[in-house]
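One structure is given here, and the rest of the page talks about it.
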Amino acid sequence: MHISSTDESSNLIEIQLEPYLKPYPAYLSICPQPSTMSHSVPDLDSIGIKAHPELADQFRREVAQLLGRTNLNFPGAQPVSFSAKHLAELQREDYYVCEKTDGIRCLMYFAHGDPESDTPEIHYLIDRKNDYRFVPGLHFPQPGDFQSFHADTLVDGELVCDTAKDGSQELKYLVFDCLVLDGQSLMHRTLDKRLAYLKEKVLKPYNALFEKFPEEKAHRPFVVEDKSTQFSYAVDMMFRDIIPKVKLLHGNDGLIFTCRSTPYRIGTDEHILKWKPPSENTIDFRMRLEFPIYEPDTDDEADGISDPYPDYDALPICHLFVMVNAGEHRHFGEMHITPSEWKDMQALNVPLDDAIVECYKDENGRWRFHRIRDDKNDANHVSTVEKVLESIEDRVTEEDLIRAAPAIKAAWKNRNDPHSKPRGMPPPANGNGVKRKYEE
């Protein structure tokens, strides 16, 4: 596509964007229906083209090298469940808060393509299974140059499918962190600095491109936006204004609190707190089905069946397992299911035995089905399960968070007041007793 426009000095500028903004393939659905009985979430296989194992392994090694690590596992941070002790944590440290979106968690890897082809830049979504999916039609220009692009870049976010009041749908990638930018690691930076780089270097030029060429919006595979964040003490506004809106758009299942002053940590991060209403705290189990065994009757024997066989038409026992170590699981309990719920699960048309299922605990203390987690390879680790059970037991409610907000705000303001100093504490000094400016 050859685009012409006029700049402020009325000089004709011509920009070749064809290699970057090609029409999104029609065979890839925008917001397909998922394998779930809850709110609609995107299906990654309908959005991107999954890389074959050898190529995916190559990208895993490239990403690991960018991050300065040898481990090839999923490079994203994972939150811990919010419990009563974290109310005090929110007073001790500065945290940002955002709504917990009912979407698909993905990192996005910006890489160099073939400079001699029509794809000089390529973009891959990395899911929780650590699979890579190529998404055509994306372009993230450098500041001040629409034809340039970012590469060797890794951002963190999630895909959601927004549904408007008129029923129209729009796929969005909501970005909430930046690990590497143009080969430079930002992981050691604080969250506010990482977000500042993301907005100024990536999202601002991206938005400017589509402001200048709005007709190109039709070629985007999805919209890219930063995820709205607030100070941690703004929970009242989150519950009153933000959550009701996003529930209508793409669903919501809680809040995420992220520490402002800590670096990005791959794996479980004790400074990323996942709050859910007590009734919505869930655990991801590995489910194994046990069906009743029938003894062969005379009709069976007449058909040559002499051994006992499972009755796959009956309601099974749904055994739930948690992960202890890689490849090792421990029996945790059973999932309660009614005949109608079993029919609904069968109608999903996905493998159910040995599936990863997200379950919640009902008012009678029974584990109930919420959805299939086909975006995950395994059940929650037993340590994660223990933290979720602690959250369920503690029952930190919406009202508890709102009540704590004034104290959280007062502590935040006190920490960030340049005129307030802890009593008895001298100003920082170096070995010569000279004041030293703080350096990152």
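The values are calculated or read from the model by the stated rules, or taken from the named source; none is laboratory data. No experiment lies behind these values; they were computed from the predicted model shown. As a convention, Cβ positions derive from the backbone with ideal geometry for all residues, glycine included, and neighbour counts pool all protein chains shown. Heads up: the accessible areas ignore ligands, DNA and RNA and are worked out on the full protein's heavy atoms, side chains in. Shrake-Rupley method; radii C 1.70, N 1.55, O 1.52, S 1.80 Å.
Cβ-Cβ contacts under 6 Å between residues 6 or more apart (or on different chains), taken from a first residue in region 307-330 that is in contact (Cβ under 8 Å) with a residue 40 or more places away in the chain and closer than 19 Å to E386 by Cα to a second residue that is open to solvent by 30 Å² or more (accessible area, probe 1.4 Å) and part of a loop (DSSP other than H, G, I, E, B), are listed as M323/D378.
Set side by side, the residues E62, E99, E89 differ, and just one is open to solvent by 40 Å² or more (accessible area, probe 1.4 Å), farther than 19 Å from D374 by Cβ and not polar (S, T, N, Q), which is E62. So is C106 in contact with an Asp or Glu (Cβ under 6 Å, 6 or more places away or on another chain), in contact (Cβ under 8 Å) with a residue 40 or more places away in the chain and crowded, with 22+ Cβ neighbours inside 10 Å or not? Yes: the conditions hold for C106. Any idea how many residues of region 207-244 are buried (at least 19 other Cβ atoms within 10 Å of the Cβ) and among the aromatic types (F, W, Y)? Within region 207-244, residues that are buried (at least 19 other Cβ atoms within 10 Å of the Cβ) and among the aromatic types (F, W, Y) number 2. Tell me, please, whether a residue that is over 24 Å from D269 (Cβ atoms), modelled with pLDDT of 90 or more and of a type in the set (K, R) can be found in region 414-425. Scanning region 414-425 turns up no residue that is over 24 Å from D269 (Cβ atoms), modelled with pLDDT of 90 or more and of a type in the set (K, R).
When you scan region 379-401, how many residues do you find that are surrounded by fewer than 21 Cβ atoms within 10 Å (Cβ to Cβ), within 20 Å of the chain's Cα centre (by Cα) and outside any helix (DSSP H, G or I)? Looking only at that region, the number is 1. Scanning region 64-118 for residues that are part of a helix (DSSP H, G or I) and of a type outside the set (D, E, K, R) yields A64, Q65, L66, L67, H86, L87, A88, L90, Q91.
Only residues that are basic (K, R), open to solvent by 40 Å² or more (accessible area, probe 1.4 Å) and outside any loop (DSSP other than H, G, I, E, B) were counted across region 344-378, and they come to 1. Return yes when K129 is touching a strand residue (DSSP E or B) at 6+ places or on another chain (Cβ under 7 Å), closer than 27 Å to T258 by Cα and open to solvent by 10 Å² or more (accessible area, probe 1.4 Å) and no when it is not. No. Scanning region 67-84 for residues that are of a type in the set (V, I, T) and either surrounded by fewer than 17 Cβ atoms within 10 Å (Cβ to Cβ) or in contact with a Gly (Cβ under 8 Å, 6 or more places away or on another chain) (or both) gives a single hit, T70.
On inspection, E158 qualifies as part of a strand (DSSP E or B), open to solvent by 10 Å² or more (accessible area, probe 1.4 Å) and not hydroxyl-bearing (S, T, Y). Just one of the listed residues (C161, C178) is touching a strand residue (DSSP E or B) at 6+ places or on another chain (Cβ under 9 Å) and touching a residue at least 60 places away in the same chain (Cβ under 8 Å), and it is C161.
Mind telling me which of the residues K165, K201 ends up being in a helix (DSSP H, G or I) and surrounded by fewer than 22 Cβ atoms within 10 Å (Cβ to Cβ)? Please lay out each step first, then the result.
On the way: K165 fails: in a helix (DSSP H, G or I).
Going through K165, K201 in turn, just one is in a helix (DSSP H, G or I) and surrounded by fewer than 22 Cβ atoms within 10 Å (Cβ to Cβ): K201.
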